[in-house]
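This is the structure I want to talk about, given as C-alpha cells.
The values are calculated or read from the model by the stated rules, or taken from the named source; none is laboratory data. Everything quoted here is computed from the prediction, not taken from an experiment. Here the Cβ positions follow ideal geometry from the backbone for every residue, glycine too, while neighbour counts run over all protein chains shown. With ligands, DNA and RNA removed, areas are computed over all heavy atoms of the protein, side chains included. Shrake-Rupley method; radii C 1.70, N 1.55, O 1.52, S 1.80 Å.
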Amino acid sequence: MQTALRRAVVIALAAMMPAGAAWAWTPPQGFATAAHAWETGDYATARSLFGRLAEAGDARAAFYLGVMAEQGQGGDADPAAAATWYGRAADAGDARAAFNLARLLDQGAGPALPADPARAAMLYERAARAGIVAADTGLALMQLDGRAAGGDAAAARARLLRAARAGDGAADHALALRALAGDPPDMVEAVARCRRAVARGYAPARALLDQLSAAADPGLLQAATARERVLDTPGN
C-alpha cells in the first residue's frame, strides 16, 4: 500500500512539472550522496553517481563531472570531456558551468579542445549576467586583446573596474598591468592594485608586486597606500 502511495506521489509531482521537465526529476538524496563521495575523495563512487544523475538530466551533476574531468579526479584529466559536461550543464542554465566552459574555450587545451573565442565570449557574457564576477574579468580581457567584439577599451576597463569593486583579485591585477602600460606608467595605481590583488588571494600578482615594491621609493609606496584606500571611489 505504501509503495503504491509513493508511486502515486511521484507521478503527481511529475505531472505538476512544466512540459519537457519531468525527465529531469531525480531524488535529491542521490545528489547529496554523490556530493559527499566527491567531498571525501571517493571519486570512483562520485563519478558513478554523478554520471547516473547527469544522464537523468541533473545539471548540477553534469557540472561536477566537468570539474572532475578537468582536474583529473578519479581518472586522467580530460579537458574535452570536461567541456562536454560543462556544456550540458550550461545549456541547462548552470552559470558556473558556463564560466568554466568559457575559461577552457578562451585559450583552448590542445588538439582535443581548440580555442573558440566567439563561444567563450558568449559564455562569459552569460555567466557575468548571472552574477559571476570573474566572468566580467574574462570577457574584458578578451575584449582588450581584440579576441572578442562588442566592447571598446573604455567598456572593457569599465568591466574590470566593476569586477574589482566586487572583489575579484584577477581584475585588480589586470588593472595594474594596464596602469603599467600607460603613457606614462601609473606606478602608484599599479602598486595599489597589485597589493589588493594579493590580499584577495590572487597569487599571480605576488611576483609583480615584489618587483614593483623593490624598485619603488618610500614616497611612492606611501602614495600607493593612500591610493589603495580610495580605489573604489568614483574616478579611480
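Please state which one of D116, D106 is out of contact with any Leu (no Cβ under 7 Å at 6 or more places or on another chain) and either at negative phi or in contact (Cβ under 8 Å) with a residue 60 or more places away in the chain (or both).
Numbers: D116 fails: out of contact with any Leu (no Cβ under 7 Å at 6 or more places or on another chain).
Only one candidate qualifies: D106.
Which helices (runs of 4 or more DSSP H) does the range 123-188 wholly contain that include 3 or more residues that are among the small types (G, A, S), open to solvent by less than 50 Å² (accessible area, probe 1.4 Å) and closer than 18 Å to G201 by Cα?
Numbers: elements: 133-144, 153-165, 169-180.
It comes to 133-144, 169-180.
Related question: Within the range 195-231, work out how many residues are among the charged types (D, E, K, R), closer than 13 Å to G169 by Cα and open to solvent by 70 Å² or more (accessible area, probe 1.4 Å).
Selection size over the range 195-231: 2.
In the range 126-145, which residues are within 10 Å of the chain's Cα centre (by Cα) and not hydrophobic (A, V, I, L, M, F, W, C)?
So in the range 126-145, the residues within 10 Å of the chain's Cα centre (by Cα) come out as 127-128, 132-138.
Listed by number, the residues that qualify are D136, T137, G138.
Give the residues of the range 200-236 that are among the aliphatic types (A, V, I, L, M), touching a residue at least 24 places away in the same chain (Cβ under 8 Å) and out of contact with any His (no Cβ under 7 Å at 6 or more places or on another chain), sorted by residue number.
L208, L212, A216, L220, L221, A223, A224, L231
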